[in-house]
Structures are given as structure tokens and as C-alpha cells.
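Please read the structure below before turning to the comments.
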Amino acid sequence: MDLFAKFSEDKGPLGQHSDMDHTNFFMFPKLEGPIAPRMMFRGKEVLTWSLNNYLGLANLPEVREADAKAAADWGLAYPMGARMMTGNTAEHEGFEKELAEFVKKEDAMLLNFGYQGIMSVIDAVCGRKDVVVYDAECHACIIDGLRLHVGKRFVYQHNDMESLEKQLVRADKLAKEQGGGLLVITEGVFGMSGSMGNLKGVTDLKEKFEFRLLVDDAHGFGTMGKTGAGAGEEQGVQDKVDLYFSTFAKAMASIGGFVAGEKDVIDYLRYNMRSQIFAKSLPMALTIGNRKRLEMLRTKPELKDNLWKVVNKLQSELKANGFNIGKTQSPVTPVLLSGGWKEAANMIQDIRNEFNLFCSMIVYPVVPKDVIMLRIIPTAMHTLEDVDETIRVFKAVKNKLDTGVYRDADEPVFI
């Protein structure tokens, strides 16, 4: 049998809709123009709520200037080679020191990418005899990292400390039998639901079990906590987080990531993370640009303040108008509605074509069947007037959904 023959028969749960979406309307849409609350989509200006540019750093003049100067000074090639061989610079080391200080850890290590980075951390930290316990709603990058782990793993129900304790009893017994260690993995902010990981509850269990804690705080870094140091700071347990990981692709509006923790552990990772040892160093232009972003994050608290003004108004208005936004505790704002694929497709076509609003829509298998999630990502650049406009659109759309307009309409055709 031809290896590729299966791809024409089974395109996967999302790919099965690819023939209908022939103009990149629903999947792989093209937002054009400067990154901002209002961008161009298919030749029309739309109010955009789908970009993880939480603090508005993507087009902040100081950041754009730093990016342009770094690219002009260094290009995208320098430094050539992996960090261990020929790709190290004082800028990389200085940035790592600043990151460690910001998240209150002894040391930090730069990573080329967030997704690849967390996978590689798990792979390097966990050996065959070690056991992992992780939250059921952990991001795909963590699940893929666990697939690299050759040892045993247990999953606990999302944010359920009773479930976690039960799994820790099993995992602790097995780890001791094998002569291995125990790692718990959760997220600081879960990117779909917006709920924070119960880091306080997890770390309290350290009094009963011997384990280390890895937290992926991609959506919490820069948005949560008094200084923006993340969910651990928000919950007062940052010192009990053993490995703190985040990407630069969210609040920093860039590429790359980092992991921070005890110096001995970070030193081990520097010499044993295969994805970094055998990969080219993060380009100087990105390193300098990201360093500038961290400076803005530290010195412009008004950016986070503006973000939360928008978040608080948006979420309070949604709840006041009867919308279900789940248990979000962060800027991530899910709006949960009922309906199938056809209703979802007709709805998003209406929202984008007729109401000139762009937000991401999530359907099965990311959420349960017959659930439609409209996922809104507020930023510091949105205005309170943007919120008012969005509430008006959502009220009109929900009325159409509830009265069967989307259910009874013809099959969606994306023109």
C-alpha cells in the first residue's frame, strides 16, 4: 500500500472540511495590514479579537525601532551555529539573566521556539524511570512532549486537586519502585478556557509528596501578577514553581521562549536539550528585539493596566447580557454557545461578512460536540468602544442562533 494513499481517504477531524473552505475563510484566513485591533480581511476592515498581542507590543514604536535597528545591524544570520558551538553572544546571556530576574529564578535559558521548547524540556528532564502527572487540559505541546517520554505518565482531571492527589499516590509508588523521580506539569493560564492552573493547590501537595513542578505559563507571562511575572506571582507561589516556562509568542508578540529555574537544573538543560544543542541559536535580531520587549513589559505597567480595563469591561458586559464565558480568570475570554458544525460555519460567515468582526471559532474536537466557542483575546490596544460594538454584535448573533436562523440557512459557501 502506498504510504500516502490514506491521506485522500481520511484528512483528519479538521481537514475533512478543507474542500468546503476553498478560499481560506474559516481555516487559514488571511488578516492583512499592521497588527492592530482593526485589520483587513478579504478587502474589508474588521474589528479583530483573535491575536495574542496582549500588551500591544507588536507595533509599539519603541519595539518596532529596536527590531528594525537590530535587523539592520545584524541581519538574520548572526550568530551562526548552535549556542554551544559558535552561536553564543553577550546579548543572549544578558537577556537570560534579565528573564531569570524578572520571574524570580536563579537562571534562565533561551529557547528558539515555544512549542518545540516545552517538548524538549520534558524530554531532557524525564528519564525512563521517572513518572509524570499532568493536567488533563494541558496544551498539545505538552502532550507531544509526553509522547517523547519513555516512562509512565498519569493524568488528573482539570484543576481537580482530589484527582491529582489520587494520581500522585499511584505515581509516587511507581517512581519509588523504579528508583525514579516525579514531575507534575500544569499551565499557568489555560489558553482555551482562560482558567488559571491551581498552582496554589498543586504546590500545597508538596507537603505530602516529593515532586517537582513544571508550569507552562505562555498566556500568564506578561498578563498575570502584580509585575506581570505570571500566574505563580498572581497566586503567591512563584517560589514553589521549580521550572517556569513561557513563550515570546503571546504577550511579547514575537518568536522564541525560555525556561527558568535553579541554576544547576538550567545548566543541565543547556548541555542536554537536544533541540537546542543541535539547532541554530536564536538570531541576534530576535534576541535584541525580545530584550526590548521585556524592558517595555517591566517599565510600562500601564500596558497591562490598559489590557485589564478592556478585559474587565468585556467580561462583565458579556455576563450581564447572559453569555456563558466559563470560568476564565485571565484575558482569554471564551464565549460558549450551543450548535453543530453547520450552525458554527454559518455563524462565523455572518460575523465576518455582515458584522465586520473577526474572532476565532473553536469546534469539535477541540471542544465537545455541539459546543461552539467564540474565543476573544483582548489587548491593551482595544478600546472600551470596541467592547460596546462587540457586545452589540454578539447579542444579534446569539438571537439568530437561538431562533434557528443559522440552522435553517443553506450550507455555507465561502465566496
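The values are calculated or read from the model by the stated rules, or taken from the named source; none is laboratory data. The shown structure was predicted, so the numbers you read here are calculated from the model rather than taken from an experiment. Positions of Cβ are backbone-derived with ideal geometry, glycine not excepted, and every protein chain shown enters the neighbour counts.
Quick notes on this structure:
- Residue identified as out of contact with any strand residue (DSSP E or B) (no Cβ under 6 Å at 6 or more places or on another chain), over 14 Å from residue 245 (Cα atoms) and of a type in the set (Val, Ile, Thr) among 150, 133, 125: 150
- If you check 210, 233 for being assigned to a helix (DSSP H, G or I) and out of contact with any Pro (no Cβ under 9 Å at 6 or more places or on another chain), only one passes: 233.
- Scanning segment 168-203 for residues that are under 16 Å from residue 333 (Cα atoms), surrounded by fewer than 24 Cβ atoms within 10 Å (Cβ to Cβ) and not hydrophobic (A, V, I, L, M, F, W, C) turns up 191, 193, 194, 195.
- Residue pairs whose Cβ atoms lie under 8 Å apart, sitting 6 or more positions apart in sequence or on different chains, and linking a residue in segment 304-330 that is within 20 Å of residue 392 (Cα to Cα) to a partner that is of a type in the set (Phe, Trp, Tyr) and modelled with pLDDT of 95 or more, are 318/394; 321/394; 323/394.
- Scan of segment 131-177 for residues that are modelled with pLDDT under 95, in a helix (DSSP H, G or I), over 22 Å from residue 196 (Cβ atoms) and in contact with an Asp or Glu (Cβ under 8 Å, 6 or more places away or on another chain), ordered by number: 148
- Count of segment 337-359 residues, restricted to those that are in a strand (DSSP E or B) and surrounded by fewer than 16 Cβ atoms within 10 Å (Cβ to Cβ), is 1.
- Boolean, residue 396 is assigned to a helix (DSSP H, G or I) and farther than 23 Å from residue 51 by Cβ: yes
- Checked against (1) assigned to a loop (DSSP other than H, G, I, E, B); (2) in the same structural domain as residue 224 (by TED's automatic domain parsing); (3) over 23 Å from the mean Cα position of the chain (by Cα), residue 1 passes all but a single condition, namely (2).
- Inter-residue pairs, beta-carbon under 7 Å, first within 14 Å of residue 213 (Cβ to Cβ) and in segment 151-177, second surrounded by fewer than 19 Cβ atoms within 10 Å (Cβ to Cβ) and of a type in the set (Gly, Ala, Ser), 6+ apart: 156/136; 156/163; 161/201
- Test: residue in segment 368-383 that is within 26 Å of the chain's Cα centre (by Cα), at pLDDT below 90 and of a type outside the set (D, E, K, R): yes
- Note on segment 278-314: among residues that are out of contact with any helix residue (DSSP H, G or I) (no Cβ under 9 Å at 6 or more places or on another chain) and buried (at least 21 other Cβ atoms within 10 Å of the Cβ), the one that is nearest to residue 111 (Cα to Cα) is 307.
- Taking the criterion of being touching a Phe, Trp or Tyr at 6+ places or on another chain (Cβ under 8 Å), of a type outside the set (Gly, Ala, Ser) and either part of a helix (DSSP H, G or I) or not assigned by TED's automatic domain parsing to the domain that holds residue 149 (or both), the residues of segment 250-285 that qualify are 277, 284.
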